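Below: one structure, written as structure tokens.
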Amino acid sequence: MECTKRITDDLIWVGANDRRLAMFEGVYSVPEGVSYNSYLLTDDKTVLFDTVDKAVCKRFMENVASALDGKPLDYLVIQHMEPDHSFTLDAFLTRYPDVKIVCNEKTLALIKQFTELDIDALLVKENDTLDTGRHTLQFIMAPMVHWPEVMVTYDQADKTLFSADAFGTFGALNGSIFADEVDFSKDYMDETRRYYANIVGKYGPQVQTLLNKVSALSIELICPLHGFVWRSNLTAIISKYVRWSDYQPEKSGVMIAYASVYGNTENAAEILACRLRDKGIKTAMFDVSVTPASEIIAAAFRWSHLVFASTTYNAGIFVSMEALLNDLVAHNIQNRTVAIIENGSWAPTSGGLIREKLSKCKNIEILEQTVSIKSGLKTTQLPELAAMAEAIAVDFTGATTGIGEEKESEAASIDPAAMFKLTYGLFVLTAKDGSKDNGCIINTTTQITASPIRISIAVNKSNYTHDMIAKTGAFNLSVLTESAPFRIFEQFGFHSGRDTDKFAGQSYDDRTKNGIRYVPEHTNCVISAKVCESYDYDTHTVFIADVTQTLVLSREPSVTYQYYFDNIKPKPQQSKDSKKGFICKICAYFYEGDSLPEDFICPLCKHGAQDFEPA
Ligand code: FEO
């Protein structure tokens, strides 16, 4: 029975998952399985992008037939001839003999190498296009991402990049198809990195060439041959590819890989890890005899500093460590600082041999001092490990890579404008301490549970109302309506209750049962609540509170933050004397000056510099 997933109105995933495969490419364990993706575009002409591995041939055939829904298949685009995407080609062409294969010359040569097929293909070159009706497909060559014949395809109509192996991941698709349907960074990023490092890690410059080519395109959807389709937050994956392909580490910290026969080398590695942690340096440790090399290679791509600790074996490096180092060198690891620990009961040579191997890699700085153990670590050698930890720590202080860059990369994937897409209401939050009444404007409240009815509010600590609630544990929320005039926001939002009476001059003195005042005008309801828990979040406290009373006052619609911006907040006036400055987007306060200090806080509404825009 077919099992397909719709991606757009005219694009259907017709691939399949394999959870029985033990070793992908015969080398890489895939405990979470793997997906072989194939996509059918249904336009005036129908186009299939790649076929699949033989293990899932039957499901794939059912999927394609079902997605075609009786239409003929016009084109098969072969972007990558590796057998995990082409093993079913023979069988597929038997079923669809009239399909026109679209590929490049290198692909055609590989078809002839892998099969006895005599193909009359439509050969394409860089930036050639194929019109299928509404869609125009543009072919972009991507040699060595991961094989020489690889090309990717850009659908100009829907801004879709069919990316071949690029942006793929290990792991089967468990019912979902889009990366934003899962917690990708938590559950899949490690496998994505392992896939990248091991499958295309060697070919960083070629990946960069592809990234440069596609950077000129407007891409809204990425469809790789393994793993999830990306339709949102594309920078999350693209920024990783930029970093990985440049062999820049993602994280400041030390990956320690050790090979230990009787635990003595492991002991030295553990002590080093402790000394590093004592200095606040993050560490990750792997026993190369038990952890698959593909995981350690992925970790080496992730961390900024690497330590290799190995016993000497048959006058060489211990076997599993030697295999790992060969693999790392083959994968072109670069731009790392390395430290070495060696062990050997009669002729410790592993350190020098490790040094020799890594000398083939670009921009690898190996710390001069190797810690050399004879059989077991001696107390007298502890200072050597401490010195190694110190040398690594010193390298961190001078390092240009690391945490800063990681934060930068994360920041690059966060657009503050996204926060303005959240829908908020606006509320007057009131409290009472003794005889003092006070209130402020907030936009951060939400119902948490229905039974009991419980809400949360987040209140800026600089607000006097915050201190009153923290002290008394009680508050009222007056839910403002669209008719609320700007003066209410001025009254409660732009002054501090510490030096003004927020209710001065008001004709009303309405209070709920808890004795706290509320705003009876331009308000459609009042909610009284009693705090049951509070959480400190730097600038704000989040109060969780049980609702104790409600008053519904009118049927007028509640005002939203967006409505306030569009209809209530006065529009900034052009300065008559063309003074340079910045305007608070919240309250329209004008700051005069050429530049706004990063830590500037609006004196009226207390919002930070991020809420200002140039006047
Ligand atoms: Fe998924 Fe390079 O093949």
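The values are calculated or read from the model by the stated rules, or taken from the named source; none is laboratory data. What you are looking at is a predicted structure, and each value in this text was computed from that prediction instead of being measured. Cβ placement follows ideal geometry from the backbone for every residue including glycine, while neighbour counts extend to all protein chains displayed. Heavy atoms of the whole protein, side chains included, go into the accessibility calculation; ligands, DNA and RNA do not. Shrake-Rupley method; radii C 1.70, N 1.55, O 1.52, S 1.80 Å.
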- Given backbone amide H placed at 1.01 Å from N, residues whose amide H is under 5 Å from that of ILE256, ignoring those fewer than 5 places away on the same chain, are ALA284, MET285, PHE286, VAL307
- Query: Shape call for region 211-330 from the C-alpha gyration tensor, a ≥ b ≥ c root eigenvalues: rounded (a/c under 1.5), prolate (a/b greater than b/c) or oblate?
  - Reply: prolate
- Query: Dividing the convex hull volume of the Cα atoms of region 5-245 by its residue count, what figure in Å³ per residue is obtained?
  - Reply: 113 Å³
- Query: Using alpha carbons only, what's the Rg to Rh ratio of region 251-397 with Rh from Kirkwood?
  - Reply: 0.92
- Mean accessible area per residue over the chain (1.4 angstrom probe, all protein chains present, square angstrom) is 46 Å²
- Message: Quick check: the distance between the Cα centres of region 204-252 and region 500-561, to the nearest angstrom?
- Response: 48 Å
- Note on the structure: In nanometres, the difference between 0.36 nm per residue of separation and the alpha-carbon distance of LYS569 and ASP538 is 8.3 nm
- Query: How much mean residue ellipticity at 222 nm does the chain get from its helices, if each DSSP H run of length 4 or more adds -39500 (n - 2.57) and you divide by all residues, to the nearest 500 deg cm²/dmol?
  - Reply: -7500 deg cm²/dmol
- Task: Distance between Cα centroids, region 313-386 to region 33-72: provide it in whole Å.
- Result: 49 Å
- Query: Considering only protein heavy atoms and a 1.4 Å probe, what is the carbon-and-sulfur percentage of the accessible area of the chain?
  - Reply: 51 percent
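Let me know the Kirkwood hydrodynamic radius for region 3-130, please, with Cα pairs as the basis and the value in Å to one decimal. Write down the numbers at each step before the final one.
On the way: mean 1/r = 0.0660 Å⁻¹.
Final number for the Kirkwood radius of region 3-130 is 15.2 Å.
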- Message: Give the lysines whose C-alpha is closer than 23 Å to that of LYS186, dropping any in the same chain fewer than 8 places away, or say none.
- Response: LYS240, LYS251, LYS282, LYS407
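Take every DSSP beta bridge whose two residues both sit in region 251-397, then give the antiparallel share in percent to the nearest 5.
Details: 2 of 27 bridges.
Looking only at bridges with both residues in region 251-397, the antiparallel portion is about 5 percent.
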- Query: Efficiency by 1/(1 + (r/R0)^6): what FRET value for ASP246 and SER451, r their Cβ-Cβ distance, R0 = 60 Å, to the nearest 0.05?
  - Reply: 0.65
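When the gyration tensor of region 1-60 is built from Cα positions, what are the square roots of 5 times its three eigenvalues, in whole Å, from largest to smallest?
On the way: eigenvalues 131, 23, 19 Å².
They are 26, 11, 10 Å, listed from largest to smallest.
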- Note on the structure: FRET efficiency (LYS362, LYS186; Cβ distance; R0 25 Å; to 0.05) is 0.15
- Note on the structure: Quick shape summary for the chain, equivalent ellipsoid via Cα gyration tensor, semi-axes whole Å in descending order, reads 54, 39, 22
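With the contact rule set at Cα under 8 Å and sequence spacing of 6 or more, what percent relative contact order holds for region 277-397? Could you put the intermediate results ahead of the total?
On the way: 165 pairs, mean separation 28.6, N = 121.
Computed over region 277-397, the figure is 24 percent.
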- Note down the magnitude of the dipole of the chain about its Cα centre, charges +1 on Lys and Arg C-beta and -1 on Asp and Glu C-beta and zero elsewhere, to the nearest 20 debye. 1340 debye
- Task: Report the label-to-label distance for ALA347 and THR444 in nanometres (one decimal), using points 7 Å from each Cα along the Cα→Cβ vector.
- Result: 6.7 nm
- Query: Taking H as built 1.01 Å from N, whose amide H comes closer than 5 Å to the amide H of ILE453, not counting residues under 5 places away?
  - Reply: VAL547
- Cβ-based charge dipole, the chain, positive-most Cα from MET321, PHE139, ILE271: ILE271
- Put a dot 7 Å past each Cα toward the Cβ at GLU598 and ARG6; how far apart are the dots in nm? 4.8 nm
- Task: Collect residues whose amide H, placed 1.01 Å from N in the peptide plane, falls under 5 Å from the amide H of VAL124; neighbours closer than 5 in sequence don't count.
- Result: CYS103, ASN104, GLU105
- Task: For LYS45, go through the aspartates and glutamates and keep the ones whose alpha-carbon is under 12 Å away, minus same-chain ones fewer than eight residues off.
- Result: ASP10, ASP74, ASP131
- Task: Based solely on C-alpha atoms, express the radius of gyration and the Dmax of region 452-522 in angstrom.
- Result: 12.9, 37
- Tell me, what ³J(HN,Hα) does each residue in region 47-61 have, in order and in whole Hz, if you take phi through Karplus 6.51 cos²θ - 1.76 cosθ + 1.60 with θ = phi - 60° and put x for Gly and Pro? 9, 9, 9, 6, 9, 9, 6, 4, 4, 10, 4, 4, 4, 4, 4
- Query: Taking the Cα-to-Cβ direction at THR548 and at THR136 and moving 7 Å from each Cα, how far apart do the two end points lie in nm?
  - Reply: 6.8 nm
- Report P(r) for region 416-553: all Cα-Cα distances, bin width 5 Å, range 0 to the bin holding the largest distance, values in whole percent. 2, 10, 21, 25, 22, 13, 5, 1, 0
